[in-house]
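What follows is one structure encoded as structure tokens, with my remarks underneath.
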Amino acid sequence: MTKYLKQISLMLVIVMLVTALAGCGSPAAGENTASTSTVSQTSASAENTAPDISKKVELNIYCVGDASPGEGSNMVRDAVNKIIEPKINATISTEYLPWSDWTNKYQLVFASGEEFDGIYTANWAYYQAQATKNGFKEITKEDLQKYAPGLLTDLPEMAWDQAKVNGKIYMIPTTFNEFPTVHFAVREDLKKKYNVPDITDLDTFGAYLDAIVKNEKGMVPLDISVMNNYSDLQQIFNTENEYAVVGNVSERNFVYKITDPGAAIVNVYETPEFMDFAKKMYQWKQAGYWSKNAISNKTPNATAFENGKSAALLTNALQATNYSEQWPVQHPGWEIQVYDSSLGKKQIGTPYIGSGLGIHATSRNADRLLMFAELARTDKELNQLLCYGIKDTHWEQVGEDQVRYIRGNTKVDYTDGLSWFFRNEKFQLNPTGVYSNYDPIFETARKNQVFHTLQAFNFDDSKLKNEVAAVSSVVTQYAVPIITGFMDPETGIPTLNEKMKAAGADKIMAAIKEQADKFIADNK
Amino acid sequence: MKLIRDVFQDFKKNKVILFMLIPAVLYYFIFMYVPMAGIVIAFKRLDYAAGIFGSDWVGLDNFKFFFMSGQAFNVTKNTFLYNLVFIVVNTSLQITVSIFLSEMRNKYVKKTTQTLMLMPYFISWVVVGAFIYNIFNYEFGALNTVLKSLGLQSVDVMGTVGAWKYILVFFNAWNGVGYGSIVYMAAITGIDKELYEASELDGANIFQQIWRITIPSIKPTIIIMILLNVGSIFRGNFSMFYQIIGNNGLLFNSTDVIDTFVFRSLMKTQEVGMASAAGLYQSVLCFAIIMITNGIIKRVDSEYALF
């Protein structure tokens, strides 16, 4: 008896150890090889024949941003599936990485080895970082030719060039008439109440904020959250000086002058203009234009504005259309107006890679996802469904090329992360019934739009990861409080520049310059 | 040969007990030993396509960023000092509380107090961060509303560097004291009641009882608990520091710990290898300090040492 028991217990131990080991190590590796081999098989077999779509698949797509508050997301997704299923025998399912925590989760969905097919990506949404780590599957021109030839003709060559990281394409870009310029959105009703003149630049904007601080005790004039909104202030500074961030570097201080065709890279923190701007921000903060809590505040400016806590909002012209439509419905008596901050300066458009779709490296349905992307971009009905929602439920067409959103019913509203993947200039409609400065702002922007070779340039920081990490931490500790007026620039900026040097900012700058020069020479 | 036979003999004799040990051994094997292989990430540049073991080796390159910024010493010092203060404050409060509670005669008061003190432990730091923000909010916060109604000047806590040391220590104690005191209460319950009765007959008062009986009896527990805490003295409580301080750059020089510093540096580049390198750095420091402390205790009184 004891002998048996011993044997049995020994057996059990062995079995448990083996299962434990098997459970830990091998499947991950096995799965990887399995998925890569299926992908290569399908692409190999497709070389001869038309794409094989006999097997029904579900495409899992991650969107950045919140889902619509009610049923809106599901309604649109079902409508999309109804259109695409007969055509490519596939359906989509969507997951959302909400704004509040997307920066962490974006990284996690890649690191965790989760299986999904597509994910939103953009120059501001870790496109570079994930592409260099092979988080995305490369999209070759041959693949496109085979599965999505429509995309090749629909997107300009420039767009594919911008998407290149180390010579390889990892995303399907978008074409979209948009400008990153940050404008001033204000409560026109309050502005009229206190007889503030129209806003044309920072100083007149300051006058409006001043009127609020003196008269509206329950409000913060510009209730920003330093963490969420410092980049808006920096963007205003960049517009004022005709600067654009170079090479999609994660830190926004390395810029080039958009009117200068050469590659003169500037570190803005070292310019006298930045000192002047920072001094103004310091005065503004002292004057109470934003709260002393802003540095710890986590509520974004837009939310504060929506709740009536903030009297002004920094936003781009297009985003503002949503706000000016939706919020006056929620708060009767409100009037929202947006004022141009561009001062007639030259502006650069949002790059093609300002939004796009990346294919996950381990996706087994890359071919079908490409077919879906082709449909979504080139089929007018599907494209508008994705961008605006269901016709006559979420929006209605006005005249030839205008759209009026139907908003304010939180149960069905479509305000979704899914709407940005496939924006196509050709099917874009102009919003109507929005704030009255919409058309002039866009007219000015188009009139002053310039193009620059460096728009398509992507900085390769793979040799300088340590420097980039060190600089990143210096920026949060010093530059962010300076831009938002929490640190006296007279003493703060010298410290900032000293710390930046120690962290290797000069090395980064030299590398950017070298790569940018080469890029301009190659693309003459 | 004899050794092997001895081991087998031993095995045979205690097989039931050894059999019962299996779940624990397996647990440690799977969740503690197997993941140790992941340390290699600290020396690699992770490439998702190549996987953990297939990625390129980069030597000590991943450790550089931490030392380059000149903040390494400062954040290491902050981590160590904060944890040291946390250990001292929390342990002494926990012991005091557990002694008070065990001396309490009214069962209902005792249970209610214990429950109320335990509760903060279950409140997420995210929520605590929101509390703190709303208490110290300059315009509309609870503190300044009270000050204003008393006719006093509002205080700008968010911009006052010196205040946060105390705020952090306070909230850490508030969070951990109730939970930590459970261990000591269990130890006190285990003390032989006859000791107290005998001392009462000898005329000892309650303070003498606490000093001469209770504290010496729970001394082994205290030492073990302190040793366990010392073992993670270079690990900052990330969720606490991050939720309370957040991205308030003005406070970083006095409140930044290794974990928050690393998080901030790598948010943009998202390099897994560098994060692992920082984790390994902490582990090595923790390992050194636990060996040293345990060694000292072994010298002084080997009975109390962990191993």
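Observations on the model:
- One residue stands out in the stretch A:239-270 among those that are in a loop (DSSP other than H, G, I, E, B), in contact with a strand residue (DSSP E or B) (Cβ under 9 Å, 6 or more places away or on another chain) and polar (S, T, N, Q): the one that is farthest from residue B:139 (Cα to Cα), namely A:259.
- Picking from residues in the stretch B:27-56 that are within 15 Å of residue A:462 (Cβ to Cβ) and more than 10 Å from chain A (Cβ to nearest Cβ), the one that is surrounded by the fewest Cβ atoms within 10 Å (Cβ to Cβ) is B:56.
- As a summary of the residue check, residue B:285 satisfies the conditions (1) in contact with a Ser or Thr (Cβ under 8 Å, 6 or more places away or on another chain); (2) closer than 29 Å to residue A:101 by Cβ; (3) among the hydrophobic types (A, V, I, L, M, F, W, C) except for the one numbered (2).
- Members of the stretch B:69-78 that are within 14 Å of chain A (Cβ to nearest Cβ) and loosely packed, with under 14 Cβ neighbours inside 10 Å: B:70, B:73
For every residue, the table says whether it meets (1) surrounded by 16 or more Cβ atoms within 10 Å (Cβ to Cβ); (2) farther than 30 Å from residue B:304 by Cβ.
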residue: B:204; (1), (2): yes, no
residue: B:208; (1), (2): no, no
residue: B:212; (1), (2): no, no
residue: B:215; (1), (2): no, no
residue: B:220; (1), (2): no, no
residue: B:228; (1), (2): no, no
residue: B:235; (1), (2): yes, no
residue: B:247; (1), (2): yes, yes
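- Condition broken by residue B:81, with the remaining ones in (1) facing another protein chain (nearest Cβ under 10 Å); (2) assigned to a helix (DSSP H, G or I); (3) without any contact (Cβ under 8 Å) to a residue 12 or more places away in the chain satisfied: (1)
- Among the conditions (1) within 23 Å of the chain's Cα centre (by Cα); (2) within 14 Å of chain B (Cβ to nearest Cβ); (3) not aliphatic (A, V, I, L, M), the only one that residue A:349 does not satisfy is (2).
- Qualifying residues in the stretch A:286-305 (those that are in a loop (DSSP other than H, G, I, E, B) and surrounded by 24 or more Cβ atoms within 10 Å (Cβ to Cβ)) - the one farthest from the other protein chains (Cβ to nearest Cβ): A:289
- Selection within the stretch B:149-182: residues that are within 13 Å of chain A (Cβ to nearest Cβ) and modelled with pLDDT of 90 or more. The member of this set that is surrounded by the most Cβ atoms within 10 Å (Cβ to Cβ) is B:164.
- The number of residues in the stretch B:250-307 being closer than 16 Å to residue A:469 by Cβ and of a type in the set (D, E, K, R) comes to 5.
- Residue B:4 without any contact (Cβ under 8 Å) to a residue 40 or more places away in the chain, over 18 Å from residue A:111 (Cβ atoms) and either touching a Gly at 6+ places or on another chain (Cβ under 6 Å) or surrounded by 14 or more Cβ atoms within 10 Å (Cβ to Cβ) (or both): no
- Considering residues of the stretch A:151-174 that are of a type in the set (S, T, N, Q) and buried (at least 19 other Cβ atoms within 10 Å of the Cβ) only, the residue nearest to the chain's Cα centre (by Cα): A:174
- Filter pass, residue B:116 being surrounded by fewer than 12 Cβ atoms within 10 Å (Cβ to Cβ), more than 14 Å from every other protein chain (Cβ to nearest Cβ), at pLDDT 90 or above and in a helix (DSSP H, G or I): yes
- If you go through the stretch A:116-150 and keep only what is aromatic (Phe, Trp, Tyr), surrounded by fewer than 22 Cβ atoms within 10 Å (Cβ to Cβ) and touching an Asp or Glu at 6+ places or on another chain (Cβ under 9 Å), you end up with just A:116.
- From the options B:177, B:157, B:183, B:127, residue that is among the β-branched types (Val, Ile, Thr) and in contact with a Phe, Trp or Tyr (Cβ under 6 Å, 6 or more places away or on another chain): B:157
- Selection within the stretch A:219-232 - under 20 Å from residue B:158 (Cα atoms) and within 13 Å of chain B (Cβ to nearest Cβ): A:219, A:220, A:221, A:223, A:224, A:225, A:226, A:227, A:228, A:229, A:230
- Test: residue in the stretch B:248-268 that is within 14 Å of another protein chain (Cβ to nearest Cβ) and of a type in the set (Lys, Arg): yes
- Test: residue in the stretch B:227-239 that is within 14 Å of chain A (Cβ to nearest Cβ) and assigned to a helix (DSSP H, G or I): yes
- Unique residue being touching a Ser or Thr at 6+ places or on another chain (Cβ under 7 Å) and either at the interface with chain A (Cβ under 10 Å from one of its Cβ atoms) or in a helix (DSSP H, G or I) (or both) when the list is B:99, B:22: B:99
The values are calculated or read from the model by the stated rules, or taken from the named source; none is laboratory data. The model shown is predicted, which means the values in this text are computed figures rather than measured ones. Heads up, the Cβs are rebuilt from the backbone with ideal geometry, glycines too, and the neighbour counts pull from every protein chain shown.
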